[in-house]
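All remarks here apply to the structure that follows.
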Amino acid sequence: MEINTINDLFLSDSIRRRFSTFILILISLYGMTIIAYSAEPPDNIIKNGDFDNKLDQWHHWTHENAAALFQTEGNKAEPIVGKNAAYVKINKAGDAPWQIQLYQQPFTLEKDTIYTYSLWGKSEKPRNVRMRIIHQGDPWTEYAVQQISLSETWKESFMTFKMPVDDVNSRAGLILGGEKVDVWFDHIRVYEGKYVADIEGAEPHNIQPADKLATTWASLKY
């Protein structure tokens, strides 16, 4: 599993618009470099990943030991794309990270296919969250997981992984408990292939994987 992140990228108004394409062709002309773009970005398996329809298609779960409010926020959140970002106000952190979750399900992922799960996130002060892909239902097999660090500035994080099985009941989720620090998310994507930047100015770099593929529910209780 290849895990990647884009750290501490401050988005000014000039780089907030989305790319309509993703293949970069560099052309040198009279000492000037011209950047051209071709092809369409990959199809997003996630529905309403930009939260333009508020939390439609999204689910959330909070353990009885925790308390959180799930909603969307408009201009105040300075969304990466569109008019809204997801906002999770954490009133009680719970006893473990898994006790607060935001996720989308079900969707189909195919065996031996490479996928990328990417998102933009920030928090009211520095904290960690986990992004993961699992099977929705017993035995809750975990296909890809990574802890990411958030701060007050939007940044993009992504992980690229190869599916070990066919799964028509896949889930993409965020594990948010354990820290009483509010979080925001936007432009969440799951798509076939390796990472594709579609926000101007975003430059990814690699970090090392933290977990193994295809673990089960017992390993999720951290």
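The values are calculated or read from the model by the stated rules, or taken from the named source; none is laboratory data. Computed from a predicted structure; not experimentally measured. Cβ placement follows ideal geometry from the backbone for every residue including glycine, while neighbour counts extend to all protein chains displayed.
Structure values in brief
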| read-out | value |
| --- | --- |
| Count of segment 171-203 residues which are outside any loop (DSSP other than H, G, I, E, B), of a type outside the set (A, V, I, L, M) and under 19 Å from residue 89 (Cα atoms) | 5 |
| Check on residue 94, in a loop (DSSP other than H, G, I, E, B), buried (at least 17 other Cβ atoms within 10 Å of the Cβ) and over 18 Å from the mean Cα position of the chain (by Cα) | yes |
| Any pair with Cβ under 6 angstrom, 6 or more apart, that starts in segment 97-108 at a residue that is farther than 12 Å from residue 49 by Cα and ends at one that is of a type in the set (Lys, Arg) and in a strand (DSSP E or B) | 105/171 |
| Members of segment 81-91 found to be part of a loop (DSSP other than H, G, I, E, B) and polar (S, T, N, Q), listed by number | 84 |
| In segment 129-163, the residues that are in a loop (DSSP other than H, G, I, E, B) and either among the acidic types (Asp, Glu) or out of contact with any Lys or Arg (no Cβ under 7 Å at 6 or more places or on another chain) (or both) | 137, 138, 139, 140, 141, 152 |
| Residue in segment 55-78 that is at pLDDT 95 or above, part of a helix (DSSP H, G or I), out of contact with any helix residue (DSSP H, G or I) (no Cβ under 7 Å at 6 or more places or on another chain) and among the small types (Gly, Ala, Ser) present | yes |
| Search result, residues across segment 110-131 that are over 23 Å from residue 54 (Cβ atoms) and surrounded by fewer than 23 Cβ atoms within 10 Å (Cβ to Cβ) | 110, 111, 112, 113, 114, 116, 125, 126, 127, 128, 130 |
